[in-house]
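*Asks:* Take this structure first; my questions come after.
We did not get these values from a lab; they are worked out from the coordinates using the rules stated. These numbers come from a predicted model, not from an experiment.
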Amino acid sequence: MTNTSKQPLSLVRLTVLAATLGAAVLTSACAPVVLGGAVMGSAMSFTDRRTAGTQIEDEAIELKALPRINETVGERGHVNTTSYNRTVLITGEVATEADKATVERAVSRIENVKAIVNELAVAGKSSIGSRSNDAILTSKIKAAYIDAKDLQANAIKVVTERGTAYLMGRVTEREAGRAAELARATSGVSKVVRVFEILTEAELADLQPKTK
């Protein structure tokens, strides 16, 4: 497995699981632990588990990635980057394996990038119809999280590409399992890939606002 992280991946516990159609491709400093999960029993009272500084860093990473990708593949590919807690998910399509590797190298050099999950497909660019369908699927998954009541919807970022739903966030094993279950049950979703940083229940409790 290619080492593309700027720091050892042991600094974060990333869980990547292809939930339906086989294992997804993960490129990072080391192989992640594949974890299961159960239904979460209580809702959280906050919306984003990243620090304010990290949220700003994630936005900056995504903005800096755009020109670098354009310089790398230009019109030869359709590439999206999503940064969460400084882990960058790369999705879309490129013409060759060389382009896929080049995009990854370019993104890995961006300041503050901690790890990369390279899910680029070597294929023709997706159609406008396919991208519109992906946007609809993302909305349906988010709506399912809100309706579920037992999951903090805003703690999970959803990215859908060619019918595959990628789930990002800082969650417990129970939350990860519940989120994957709901996404998998969404009509039109062909595969669910978990790209989570796993928290213990104690770590999650520490993140919650303290009541006086």
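*Asks:* I'd like the Karplus ³J(HN,Hα) series for region 88-99: coefficients 6.51, -1.76, 1.60, θ = phi - 60°, whole numbers in Hz, and an x wherever there's a Gly or Pro.
*Replies:* Listing the rounded values in order: 9, 8, 10, 10, x, 9, 10, 6, 9, 4, 4, 5 Hz.
*Asks:* So what is Rg over Rh here for region 43-155, counting just Cα atoms and using Kirkwood for Rh?
*Replies:* Here the Rg-to-Rh quotient is 1.02.
*Asks:* Subtract the Cα-Cα distance of Ser132 and Ser190 from 0.36 nm times their separation in residues, and report this length gain in nm to one decimal.
*Replies:* Full extension of this stretch gives 19.3 nm more.
*Asks:* In the structure shown, do any of Lys114/Lys157; Lys64/Lys210; Lys64/Lys142; Lys100/Lys140; Lys114/Lys149; Lys125/Lys157 have a Cα-Cα gap over 25 Å, and if so which?
*Replies:* In this structure, Lys64/Lys210; Lys64/Lys142; Lys100/Lys140; Lys114/Lys149 exceed 25 Å between Cα atoms.
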